[in-house]
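One structure below.
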Amino acid sequence: MIVQQLLNGLVIGSVYALTAMGATLVYGILRILDLANAGAYAIGAYAGLFLYLSTGNILLSFAGAIALTGFFGFVVQRYLYIPVLDRPPIVPLIASIGLFIFIQDLLRLVAGPRIREFQASLPFGAIKTETLTINPTWILIIVLTAALLAFLWYLLAYTKIGLAWRATAQDLEIAKAMGVNINQVVAYNFLLGYAFAATAGIMVGMLYNSVFPTMGDVPAYKMLALIVLGGLGNPVGTVAAAVMIGLIETLIAGYIGFFLPRDAIAFVALIIILLIKPEGLMSRKA
Amino acid sequence: MLKLIEIDAFYGKSQALHNVSLDIRAGEFVTILGANGAGKSTIMKCIMGLVEPKAGRIEYEGLDITRRPAWERAALGFGYVPEGRRVFPDLTVEENLKIGGYKLTDTKVLVRNIEKAYDMFPRLKERRRQLAKTMSGGEQQMLAIARALMPEPKLLLIDEISMGLMPIMVNHSLALIKKLHEEGITVLLVEQNANKALKFAQRGYILKTGRITLEDTSSNLICNKEVVEAYLGA
Ligand SMILES: Nc1ncnc2c1ncn2[C@@H]1O[C@H](COP(=O)(O)OP(=O)(O)OP(=O)(O)O)[C@@H](O)[C@H]1O
Ligand SMILES: [Mg+2]
């Protein structure tokens, strides 16, 4: 039972990590809170669902949805954020809130307001032992998240573009002077971040068997909590915070019960942790 | 080699540079002197593309680079040592050097230039895996210079080498820059310490609240009564 709950928490935490990663990376270099990243989560879920309904191939629908949403991320940074970068930070923030609302209403117009089911059959079965059942969607979420985060880790730690990203996050102006094409770094950042959010959206759609226009709402708020908890723009901190919140939520909801809705737990945890450690779990500052 | 022609630059509504013109010829060692807030760093940032002039032109080797993005200028042969060193705090010494050589496409050249930097500053080699923020101020200054030299610049732009350094370290750094100059690099040096700057530079500009008020050879500036009173201390 406890193992089952821990696994459940890990699954939830994985999804949170993927959802918050794009916005964490963006905050890391531009100091902008990209709320619209949670819109990419809903776009990804819808794209994945429609591709699955029309092709019946889950692999194809993942690939297609990720590519489409990644491209959307590229367009967003190029035509929304880059033009307002030299304005005060409130301008891009409001732009991102506007875009987020636009995405939700666009999805409502195109796909209708009702909740759609997302029942996909995966090419592998559940893992069953005497005490434990891991259903295929859980396996998918844990494996895919681990793979994507490992890929991101490799990119940041060992490649030239990763080094450029880290330098830009530490001192954007000097990185530019050293020859780092900031526009390119930002473009890759959005491409990757929106692709991650799309992946999370599809997986959550499958996990809860539901896709709906405002499905990005709660993730948007939680994403903000996770970015703050993770130390503002620190990818490793965000993963740690996401897994921790996933586990805390699941364990409290499963064992202790809580007088507030489950989704409130993340924010209670945020308040408590910020009271103890105001700089977040892992601060970037020395 | 580098020409600034009637540059006006602003931060928001406040004007930092008024009609500034500079002309630096290949092989020169030029300094800009001026009080705090005169606009020296702003000139450097205009040259590097970090501040965009409202009016005027910047020409480099006959090319108009006024509107070129900063990251394309590194490849033109600029080496920049910014005010306050600005090494990347959470990168290692070696990673800082790699970013300095970001525009080098040939890995062999990159590796060779890192080795050259280590030959020049053995201290950096000892600390190659150390995070830049854990180094002393003097070591960080060495790193900032080494980083600027990574792309084999033709023009070295140095913004206040003396800040926060012991006098002996300042002399040491200036001697190093003189050596680089003798090897053929053109140098533009901004310096608080006018005495020392004029000793090393061949020519100087005096900047007063965003305007160039005087331009002459170092030997003439050292004798100029106004300059002596304002910058060299009586
Ligand atoms: N980022 C900025 N935003 C607004 N104003 C600025 C900014 N940077 C510089 N200034 C202003 O522009 C003017 C010139 O600044 P600059 O840094 O170029 O002077 P400086 O000659 O380098 O001074 P110092 O010797 O103190 O380094 C000053 O009045 C300064 O307050
Ligand atoms: Mg200055």
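The table below gives the values:
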| item | result |
| --- | --- |
| Residue ranges of helices (runs of 4 or more DSSP H) in the stretch A:194-286 with at least 3 members farther than 30 Å from residue A:108 by Cα and in contact (Cβ under 8 Å) with a residue 24 or more places away in the chain | A:235-251, A:265-276 |
| Selection from the stretch B:206-229 of residues that are of a type in the set (A, V, I, L, M), assigned to a strand (DSSP E or B) and without any contact (Cβ under 8 Å) to a residue 24 or more places away in the chain | B:214 |
| Filtered residues of the stretch B:136-158 (kept if within 14 Å of residue B:177 (Cβ to Cβ), in a helix (DSSP H, G or I) and either touching a Leu at 6+ places or on another chain (Cβ under 9 Å) or open to solvent by 10 Å² or more (accessible area, probe 1.4 Å) (or both)) | B:141, B:142, B:145, B:146, B:148, B:149 |
| Test: residue in the stretch B:121-144 that is in contact with a Phe, Trp or Tyr (Cβ under 7 Å, 6 or more places away or on another chain) and within 16 Å of ligand 2 (Cβ to nearest atom) | no |
| Answer residue from the stretch B:65-89, given it is more than 10 Å from chain A (Cβ to nearest Cβ) and open to solvent by 40 Å² or more (accessible area, probe 1.4 Å) and is farthest from residue B:130 (Cα to Cα) among those | B:67 |
| Of residues in the stretch A:170-221 being acidic (Asp, Glu) and within 13 Å of chain B (Cβ to nearest Cβ), the one nearest to residue A:151 (Cα to Cα) | A:171 |
| Matching option when the condition is within 14 Å of another protein chain (Cβ to nearest Cβ) and more than 16 Å from ligand 1 (Cβ to nearest atom), among B:145, B:185, B:177, B:158 | B:145 |
| Of all residues making up the stretch B:45-64, the number that are open to solvent by less than 40 Å² (accessible area, probe 1.4 Å), in a loop (DSSP other than H, G, I, E, B) and away from ligand 2 (no atom under 16 Å from the Cβ) | 2 |
| Answer residue from the stretch A:157-169, given it is touching a residue at least 12 places away in the same chain (Cβ under 8 Å) and crowded, with 18+ Cβ neighbours inside 10 Å and is nearest to the other protein chains (Cβ to nearest Cβ) among those | A:167 |
| Given (1) away from ligand 2 (no atom under 16 Å from the Cβ); (2) open to solvent by less than 50 Å² (accessible area, probe 1.4 Å), number of the condition residue B:13 does not satisfy | (2) |
| Any hit, the stretch B:119-129, residues being within 16 Å of residue B:176 (Cβ to Cβ) and touching a Gly at 6+ places or on another chain (Cβ under 6 Å) | no |
| Scan of the stretch B:19-33 for residues that are open to solvent by 10 Å² or more (accessible area, probe 1.4 Å) and either part of a loop (DSSP other than H, G, I, E, B) or within 12 Å of ligand 2 (Cβ to nearest atom) (or both), ordered by number | B:25, B:26, B:27, B:28 |
| Any hit, the stretch B:90-98, residues being of a type in the set (A, V, I, L, M), within 10 Å of chain A (Cβ to nearest Cβ) and out of contact with any His (no Cβ under 9 Å at 6 or more places or on another chain) | yes |
| Residue list for the stretch A:238-255, filter: among the hydroxyl-bearing types (Ser, Thr, Tyr) and farther than 11 Å from residue A:11 by Cα | A:238, A:255 |
| Sole residue being out of contact with any Phe, Trp or Tyr (no Cβ under 7 Å at 6 or more places or on another chain), more than 16 Å from ligand 1 (Cβ to nearest atom) and part of a loop (DSSP other than H, G, I, E, B), chosen from B:112, B:86, B:67 | B:67 |
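Condition check ((1) in contact with a Phe, Trp or Tyr (Cβ under 9 Å, 6 or more places away or on another chain); (2) more than 18 Å from residue A:177 (Cβ to Cβ)) across all residues:
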{"residue": "B:3", "(1), (2)": "yes, yes"}
{"residue": "B:10", "(1), (2)": "no, yes"}
{"residue": "B:17", "(1), (2)": "yes, yes"}
{"residue": "B:21", "(1), (2)": "no, yes"}
{"residue": "B:25", "(1), (2)": "no, yes"}
{"residue": "B:31", "(1), (2)": "yes, yes"}
{"residue": "B:36", "(1), (2)": "no, yes"}
{"residue": "B:40", "(1), (2)": "no, no"}
{"residue": "B:46", "(1), (2)": "no, no"}
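The values are calculated or read from the model by the stated rules, or taken from the named source; none is laboratory data. Just so you know, these numbers come straight off a predicted model, no measurement behind them. Cβ coordinates were reconstructed from backbone atoms using ideal geometry, including for glycine residues, and neighbour counts include every protein chain displayed. Surface accessibility is based on the protein's heavy atoms, side chains included, excluding ligands, DNA and RNA. Shrake-Rupley method; radii C 1.70, N 1.55, O 1.52, S 1.80 Å.
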